[in-house]
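So the structure is just underneath, and the comments pick up after that.
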Amino acid sequence: MPTDAFKTAKLSFGDKTLDLPMQSPTAGPDVIDIRKLYALGDVFTYDPGFTSTAACESAITYIDGDKGELLYRGYPIDQLAEKSHFLEVCYILLYGELPDTAKLDDFVSRVTNHTMLHEQMHFFYRGFRRDAHPMAIICGVQGAMSSFYHDSIDISDPWQREVATIRMIAKMPTIVAWAYKYSVGQPFIYPRNDLDYASNFLQMCFAVPAEDYVVNPILSRAMDRIFTLHADHEQNASTSTVRLAGSSGANPFACIAAGIACLWGPAHGGANQACLEMLREIGTVDRIPEYIARAKDKDDPFRLMGFGHRVYKNFDPRAKVMKESADEVLGLLGIENNPTLQVAKELERIALEDPYFVEKKLYPNVDFYSGIILDAMGFPTSMFTPIFALARTVGWIAQWKEMMEDPTQKIGRPRQLYTGETSRDYVDIENRA
Ligand code: ACO
């Protein structure tokens, strides 16, 4: 990104005044380039939670939180959700442009040919307790991929980076589906390369050897949309974790395992599970005011799950598509009067009119409706975050690759505002008061 020669920011403190260069992005606010701040001014900036700090340059995803806009490589998410499909979205995120038919066919075929896991990975699953959370399993299995695929961990080799990329996108559905099968005590179902990406995932989750399984195209389309809507979201916590892990030169499988671990938290990817559990706990529409009151009570740690977002201060554009999908899927399954959906719709209506949520710009986020769809499809709540991880894998890899290809990339190493003791002498145990 070129420095804008005409723009500088003046920073005065003590007896110093510094002129800091500014950079203009293609969209979004200008940034003040503080890379030389410590060298010139002997000060750090302090920004826990990175609310005002751009940690990298990226050309992949753009969010306008005020407008409620999300673009993958410039393409609006609602257009992609309506007209594209997940593997094309993967291509766009990874390579930057819409593919022509030959390029798309080639990409789809490369991903499809890598869907199987190394056969010895079966044994690896058996090391987990039967009741292990699938996030724990996929985090472990993803990390273990580096020990199964030695030929794609040399991060300095662009070809190996590409092979690792294809492998992770191709194998994540198998890894996640097998974590589910393991938890319910059913045999692992192998991938079927005659099916599209989403249908194959559904059959690996829900088919059993004892009978035929036919994938419902409406459910497969809804699954594909969920993948598309979760594919990337610029520098969120898990993506930043992947970048930070990658900045040390760690192998790509280890970096994605770090991203999965970060995604697990309820303030991030774990919110979809927490949201459905909350909707079930509320149970009936008449109990909503009680929960709204709790969410507003400063002395109560309860928050409305699926509401609020660090960046969106308007409707999360993904939530709009998700709501449509929820209506479609529940309609297809003949359960449109599902009490959880009724509670969700009424909760959304009330919260959007309540001054607390209006003033704080707390709108439903992507997690608000995704759990309802996944629940209707037959997934237990513990599978919601693994499905998010499956979809986000492409975003993590695209961001990791972009960082690896950036010649200015350095190891990530934040500074701190130290508030501990200053230097003091060690006291032998017998002399301590
Ligand atoms: N319910 C009630 N109050 C809320 C909520 C909520 N869901 N979210 C934020 N607030 C309030 C906070 O109490 C705070 O109030 P205050 O200013 O009076 O102290 C104010 O809104 C700002 O909240 P912060 O926590 O400072 O906002 P931040 O940007 O750090 O947090 C977050 C964003 C973590 C998503 C938050 O809104 C939240 O916890 N939401 C619920 C969990 C959730 O749905 N997470 C999914 C995020 S999307 C994703 O990862 C795919």
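The values are calculated or read from the model by the stated rules, or taken from the named source; none is laboratory data. The model shown is predicted, which means the values in this text are computed figures rather than measured ones. Here Cβ is always computed from backbone atoms with ideal geometry, including for glycine, and neighbour counts include all displayed protein chains.
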Taking the condition among the aliphatic types (A, V, I, L, M), under 19 Å from LYS401 (Cα atoms) and surrounded by 19 or more Cβ atoms within 10 Å (Cβ to Cβ), does MET135 pass?
-> no
Give just the number: which of (1) assigned to a loop (DSSP other than H, G, I, E, B); (2) away from the ligand (no atom under 16 Å from the Cβ); (3) at pLDDT 95 or above does SER52 not satisfy?
-> (2)
Selection status of MET377, away from the ligand (no atom under 11 Å from the Cβ), surrounded by fewer than 24 Cβ atoms within 10 Å (Cβ to Cβ) and within 20 Å of ALA55 (Cα to Cα) | no
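Residues are listed down the side, and each one gets a yes or a no for (1) in contact with a helix residue (DSSP H, G or I) (Cβ under 8 Å, 6 or more places away or on another chain); (2) under 26 Å from SER238 (Cβ atoms):
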| residue | (1), (2) |
| --- | --- |
| SER52 | no, yes |
| SER58 | yes, yes |
| GLY68 | yes, yes |
| LYS83 | no, no |
Select, from LYS16, LYS67, the only residue that is touching a residue at least 24 places away in the same chain (Cβ under 8 Å) and either closer than 28 Å to ASN314 by Cα or surrounded by 15 or more Cβ atoms within 10 Å (Cβ to Cβ) (or both).
-> LYS67
Matching residues, the range 164-207, being of a type in the set (Phe, Trp, Tyr) and in contact with a helix residue (DSSP H, G or I) (Cβ under 8 Å, 6 or more places away or on another chain) | TRP178, TYR180, TYR182, PHE188, TYR190, TYR197, PHE201
Residue check, GLY371 away from the ligand (no atom under 16 Å from the Cβ) and within 30 Å of ARG130 (Cβ to Cβ) | no
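To keep it simple, each residue is scored yes or no on (1) in contact (Cβ under 8 Å) with a residue 12 or more places away in the chain; (2) farther than 22 Å from ARG221 by Cα; (3) surrounded by fewer than 16 Cβ atoms within 10 Å (Cβ to Cβ).
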{"site": "PHE302", "(1), (2), (3)": "no, yes, yes"}
{"site": "GLY308", "(1), (2), (3)": "yes, yes, no"}
{"site": "ASP316", "(1), (2), (3)": "yes, no, no"}
{"site": "ALA319", "(1), (2), (3)": "yes, no, no"}
{"site": "GLU328", "(1), (2), (3)": "yes, no, no"}
{"site": "GLY334", "(1), (2), (3)": "no, no, yes"}
{"site": "GLN342", "(1), (2), (3)": "yes, yes, yes"}
{"site": "GLU353", "(1), (2), (3)": "no, yes, yes"}
Is there a residue in the range 241-260 that is among the charged types (D, E, K, R), away from the ligand (no atom under 16 Å from the Cβ) and closer than 16 Å to ILE387 by Cβ?
-> no
Criterion (modelled with pLDDT under 90 and β-branched (Val, Ile, Thr)) met by exactly one of ILE372, ILE387 = ILE372
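Residue-by-condition table, conditions (1) away from the ligand (no atom under 15 Å from the Cβ); (2) not acidic (Asp, Glu):
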| site | (1), (2) |
| --- | --- |
| LYS320 | no, yes |
| ASP327 | yes, no |
| PRO339 | yes, yes |
| GLU348 | no, no |
Of all residues in the range 19-49, which are assigned to a loop (DSSP other than H, G, I, E, B) and crowded, with 16+ Cβ neighbours inside 10 Å?
-> ASP33, ILE34
Could you grab me the full set of residues in the range 176-190 that are closer than 13 Å to ARG126 by Cβ and touching a residue at least 24 places away in the same chain (Cβ under 8 Å)?
-> TRP178, ALA179, LYS181, TYR182, SER183, GLY185, PHE188
For TYR213, all conditions in the list (1) under 12 Å from the mean Cα position of the chain (by Cα); (2) in a loop (DSSP other than H, G, I, E, B); (3) away from the ligand (no atom under 14 Å from the Cβ) hold save one; what is the number of the exception?
-> (1)
So which pairs qualify, if the first residue must be in the range 35-55 and over 18 Å from LEU244 (Cα atoms), the second must be exposed (fewer than 11 other Cβ atoms within 10 Å of the Cβ), the Cβ gap must be under 6 Å, and the two must be at least 6 apart or on different chains?
-> PHE44/ARG415; TYR46/LEU417
Residues that are out of contact with any strand residue (DSSP E or B) (no Cβ under 9 Å at 6 or more places or on another chain) and of a type in the set (A, V, I, L, M, F, W, C): which helices (runs of 4 or more DSSP H) entirely in the range 270-379 hold 2 or more of them?
-> 271-282, 288-296, 317-332, 339-353, 367-377
The lone condition CYS90 fails out of (1) over 23 Å from ILE175 (Cα atoms); (2) assigned to a helix (DSSP H, G or I) is (1)
Within the range 138-195, residues being small (Gly, Ala, Ser) and either surrounded by fewer than 15 Cβ atoms within 10 Å (Cβ to Cβ) or not in a helix (DSSP H, G or I) (or both) number 3
Working only within the range 396-433, note down all residues that are farther than 27 Å from ILE34 by Cβ and surrounded by 10 or more Cβ atoms within 10 Å (Cβ to Cβ).
-> ILE397
Select from the range 261-304 the residues that are touching a Gly at 6+ places or on another chain (Cβ under 7 Å) and near the ligand (Cβ under 10 Å from one of its atoms) and write down the one among them that is farthest from ALA391 (Cα to Cα).
-> CYS275
Which pairs do you get when a residue that is at negative phi, found in the range 252-273, comes within reach of a residue that is of a type in the set (Asp, Glu) and near the ligand (Cβ under 9 Å from one of its atoms), reach meaning Cβ atoms under 8 angstrom, with the pair 6+ apart or on two chains?
-> ALA271/ASP367; ASN272/ASP367
